[in-house]
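Reviewing the structure listed below.
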Amino acid sequence: QEVGEAAELRLTVAVVFALIVFFTFAKGEDKVEAPFEVQPVKLQVVPAPFDGYLQDVLVEPNDRVDAKATVLAKLDTTQLRLDLASAKAELAGHRTEFDIAMRDGKTADAQIAQAQMDQTQARIRLLEYQISQAELRAPIQGIVTKGDLKRQLGAPVKTGDILFEVAPLDSLRAELSVP
């Protein structure tokens, strides 16, 4: 019985040793096929700065863009420029009213004209700012991930509509689906 137990122990040790040697030196290839998707870690959106119409779209998805240098799209400023000209004419009228009221000593009328001038000047500054924002530029260096708008030239856009998404190339992650 002791001889049988010793033989069984030697056989177990030999099998364990053989398995250790096999797994240490055996070479094999494991291949895993998995679909993957590259996604940006962070994303910068480019919204419409004001209500208007798309005049020109200069980039497509997968185009590389430079921060503040690449123009993504242009919005039509025709109506804004007409409104600006109208506001400047209105301002000139209020100035004339102010001057006449001051000449005639009508302080209340002069104050009303001054308030109207201030209001019109504020509207002029807003219109000038909106016109300056009509060229949508890339906020960061990266790649355009969303914004296939070339077929939508002339389409209306609302303030805050997301027109483009730009992802930086230095912070991407891959998402794997491994069964």
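Every number in this text was worked out from the coordinates using simple rules, so none of it is lab data. A quick note: this is a predicted structure, and the numbers were derived from the prediction, not measured. All Cβ positions, glycine included, derive from the backbone under ideal geometry; neighbour counts span all protein chains shown.
State the extension gain, in nm to one decimal, for the chain segment bounded by residue 133 and residue 146, taking 0.36 nm per residue of separation less the distance between their alpha-carbons.
Stretched out fully, the residue 133 to residue 146 stretch lengthens by 2.7 nm.
Between residue 43 and residue 178, what's the calculated FRET efficiency when r is the beta-carbon distance and R0 is 30 Å? Round to 0.05.
Computed FRET efficiency for residue 43 and residue 178 comes out at 0.75.
Just to be sure I follow the definition: excluding the sites themselves, where is the longest run in the chain that has none of the trypsin sites (Lys or Arg not before Pro) in a DSSP loop with at most 15 other Cβ atoms within 10 Å?
107-157
Could you give the length gained by full extension between residue 115 and residue 68, i.e. 0.36 nm per residue of separation minus their alpha carbon distance, to one decimal place?
Taking residue 115 through residue 68 to full extension adds about 13.2 nm, to one decimal.
Assuming R0 = 41 Å, what is the FRET efficiency of residue 169 and residue 26, from their Cβ-Cβ distance, to the nearest 0.05?
0.50
From the gyration tensor of the Cα coordinates in the chain, what semi-axes in whole Å does the equivalent ellipsoid have, largest first, with each one equal to sqrt(5λ)?
76, 19, 11
Using helices alone, what [θ] at 222 nm do you get for the chain, with -39,500 (n - 2.57) per DSSP H run of 4 or more residues, divided over all residues and rounded to the nearest 500?
That comes out to -15500 deg cm²/dmol.
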